[in-house]
Amino acid sequence: MEPLYEYAWLIPVLPLLGAMILGLGLVSYSKAASQLRRSSAVFVVSLLGAAMVLSFALLWSQIQGHAPYTRVIDWAAAGDFHLTMGYTVDHLTALMLMIVTTVAFFVMIYTDGYMAHDPGYVRFYAYLSLFSSSMLGLVVSPNLLQVYVFWELVGMCSYLLIGFWYDRKPAADACQKAFVVNRVGDFGLLLGMLGLFWSTGSFEFEVIGDRLHELLQSGALSVALAGLFGVLVFMGPVAKSAQVPLHVWLPDAMEGPTPISALIHAATMVAAGVFLIARMYPVFEGLPDVMNIIAWTGAATAFIGATTAITQNDIKKGLAYSTMSQLGYMVMAMGVGAYGAGLFHLMTHAYFKAMLFLGSGSVIHGMEAVVGHDPVLAQDMRLMGGLRKYMPITAITFLIGTLAICGIPPFAGFWSKDEILGSTYTASPTLWLIGWLTAGITAFYMFRMYFNTFEGAFRGHDAEIKKQLKVAQLQQMGMSLGPGAMNPQELAVEADHHHEAHDGHGHDDRHHSDSPHESPISMTLPLMALAVPSLLIGLVGTPFANYFEAFIHPPSEMIEGIPSEIDLPEFLTMGGSSVGIALIGITLAVLMYLQRKIDPAAIAQTIKPLYELSFNKWYFDDVYEVLFVQGSRRLARQVMEVDLRIVDGLVNLAGFVTLVTGEALKYFENGRAQFYALIIFGAVLGLVLVSGIT
């Protein structure tokens, strides 16, 4: 099997090759490359498919017991200082390679249908391929420095893909927001990396952990300083995996095309933060205070994300807050020491959440046939309903994903979420209570989403709802309804004109119809394919025979055989409680949104402060607007004043003095020797007088 490992470097290189060829074609032969749409897609998907086959071969080899393989070369050297680059293949790498390549492969197939009429079709595939290469390069990185290089590359690709429709202001704003917020976390990660290198002299993961432990034991490094380094490193995952308080970029990132939401913001890039925590586990597990910070950050994120998702009407933003909440579960698991449970949920979540996002894209694709290519109308669940009879494949797969994320057995999410809750209860009953309540809220908002989208009567032709949404859209764009402003009817007309003038998707409306339709096979096939692991993949990690735990155990532990010892009463109690709270959430959703026996609006009015808190996303964006956006603008204005009045003033003063003195001195240049001698005599006399006085 050794040749297989020697060519493992091809996994990130193959999609990079595809991105490079498409990119060069677009730059050098733009018109010809843009016309070769289907050929470009087949070429890129084939290269990624080859990388996927190689990834599965490596995973099978690791399952069969092949030793971890690392290959490095000197990248830079000066005396005893060496920086290495290369790749490593171990259990964690093999798992992540499988997740990234399979999800990216199906997303690329799906993209052919979703972006079929977009003029940027080839450019989108080039970006997708570049991102896939960057993410694969990140997971095979053998040291922290190389991880950081690819960490920034996936951030750059995220910026490009979120802002793919750059002529739409919301998309342009969203990619800038994602870029800025992630730079905050990445700066902390960089400082933490440098601190760990200063203290341990290495960027190698296990070397850092071992040396840090020795330094702490000997007292050569204080626990507080080591903890600071750990927290700074954790800032990287906080931003990348959308943890509180750096989560605000993820919902806005839904302005990008839906395939990106499925690939980057559900399955791969946001999972990079959890992956880095797993890689740095040898460091974190020796710092209990840092582990507590990680656990509580994850718990807060899970709860805040879930409670915010309850009131979202945009189907993609609801799924975005759901992703944030599930990432919180993973981070919380890592913080309480449930290494295997966190990675198990990362795997199961990648498949069912990617399917849910692709399902939402299929819904949007069907809705655009009715309401046009306005994302506000096509993505708002208040205009949906009854889509199950028009889009049966999308509805069935979306229901499978909903059951999986709600933790209903035997779907994949039950096994991974239950393992997290069980491990959390052992470490902290308080954290378990937060996770348990979050599970109930998750079931409620996901079935709210399913019922509003696929059940009941179709509301896509409701003119009153459309008018309300368009008015709200213009209000968000800054048009007020105060005295002297346009009335709602005029605003609605204005919204129609705005939509016609600013449709940035590059689509046309020739396929307008009176009812939604099922998506093409290129979109439904990935949905059906991802439904299989969403249903079955959890079976590899059941407590009765936990093959996943045996494979992915922490680096500091050795597991012999397949863990299968189970306390049946405890399992039934913990599993039953998690399923019970989920069923309560589902029941409430049925009563409110399917049977309409409970009026959600009346409840919202009764608990208006809590409703407003959720609807306004816990006011994080408002606080950041005041503190950072407006605050930085005030600071910039003050700096500009200093620049204009002091810096420029000094420069202008120097120029003025030079001009005046030059103008005055020119009168001393008269060409008369007697006058020059008189000046010299006066200067000498002045010097004598001054020296005599002193």
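The values are calculated or read from the model by the stated rules, or taken from the named source; none is laboratory data. All values reported here derive from a predicted model rather than from experimental measurement. Don't worry about glycine lacking a Cβ; one is built from the backbone with ideal geometry, like all the others, and counts go over all protein chains shown. Accessible surface areas use protein heavy atoms only, side chains included; no ligands, DNA or RNA. Shrake-Rupley method; radii C 1.70, N 1.55, O 1.52, S 1.80 Å.
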Note the listed values (i) 1.14; (ii) 1.22; (iii) 0.97, then indicate which one is Cα Rg over 2.2 N^0.38 Å calculated from this particular structure. (i)
If the convex hull is drawn through the Cα atoms of segment 294-450, its volume per residue in Å³: 90
Go through K317/K417; K417/K608; K177/K467; K177/K617; K177/K466 and tell me which ones have a Cα-Cα distance over 25 Å in this structure. K417/K608; K177/K467; K177/K466
Taking all protein chains together and a probe of 1.4 Å, list S564, S519 from the most accessible to the least accessible. S564, S519
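How large, in percent, is the carbon and sulfur part of the accessible surface of the chain at a probe radius of 1.4 Å?
Details: 20070 of 30160 Å².
Percent of accessible area from carbon and sulfur atoms in the chain: 67.
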In nm, the gap between the two label points placed 7 Å beyond Cα toward Cβ at H517 and S222 is 6.9
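Multiplying the sequence separation of L583 and F197 by 0.36 nm and subtracting their Cα-Cα distance, what value in nm do you get? Please report the intermediate quantities before stating the final value.
Values: separation 386, 0.36 × 386 = 138.96 nm, distance 4.92 nm.
Gain on extension, L583 to F197, equals 134.0 nm.
Considering only protein heavy atoms, what per residue accessible area in square angstrom results for the chain with a 1.4 angstrom probe? The partial results should precede the final answer.
Details: 30160 Å² over 694 residues.
Averaged over the residues of the chain, the accessible area is 43 Å².
How do the peptides 214-223, 345-354, 184-193 rank, highest first, by the average count of neighbouring beta carbon atoms within 10 Å per residue? Walk me through the numbers on the way to the answer.
Working: 214-223: 12.5, 345-354: 28.2, 184-193: 19.6.
Ranking, from highest mean packing down: 345-354, 184-193, 214-223.
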Selected from S515, S428, V154, residue furthest toward positive end of dipole (the chain; charges at beta carbon): S515
Compute the length gained on full extension between R382 and L572: take 0.36 nm times their separation in residues and subtract their Cα-Cα distance, giving the result in nm to one decimal. 64.5 nm
What are the extents of the Cα atoms of segment 544-694 along their three principal axes, in Å, largest first? 115, 56, 32
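With viscosity set to 0.890 mPa s at 25 °C, what whole-number translational diffusion coefficient in µm²/s follows for segment 1-150 from Stokes-Einstein and a Kirkwood radius over Cα pairs?
Details: Rh = 16.3 Å.
It diffuses with D of about 150 µm²/s by this estimate.
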For segment 80-234, list log₁₀ I(q)/I(0) at each q in 0.11, 0.16 Å⁻¹, using the Debye formula over Cα point scatterers of equal strength and ignoring solvent, two decimals each. -0.57, -0.99
Largest first and to the nearest Å, give the Cα extent of segment 382-479 along each principal axis. 53, 37, 17
If one computes the Cα centroid of segment 539-555 and of segment 80-128, what distance in Å separates the two points? 26
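Given charges of +1 on the Cβ of Lys and Arg and -1 on the Cβ of Asp and Glu, with all other atoms neutral, how large is the dipole of the chain about its Cα centre, in debye to the nearest 20? Could the numbers behind the result be given before it?
On the way: 35 positive and 53 negative charges, 236 e Å.
Dipole magnitude for the chain comes out near 1140 debye.
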Using a simple spin-label model with points 7 Å from Cα along the Cα→Cβ vector, what separation in nm is obtained for F628 and D462? 3.6
Cα-based Rg (one decimal) and Dmax (whole number) for segment 240-320, in Å? 14.1, 43
Please list the radius of gyration and Dmax for segment 208-350, considering alpha-carbon atoms only, with Å as the unit. 15.9, 56
Cα convex hull of segment 307-365 - mean projected area over all directions, nm²: 4.0
Please report the spacing between the Cα centers of segment 164-211 and segment 269-284 in Å, no decimals. 13
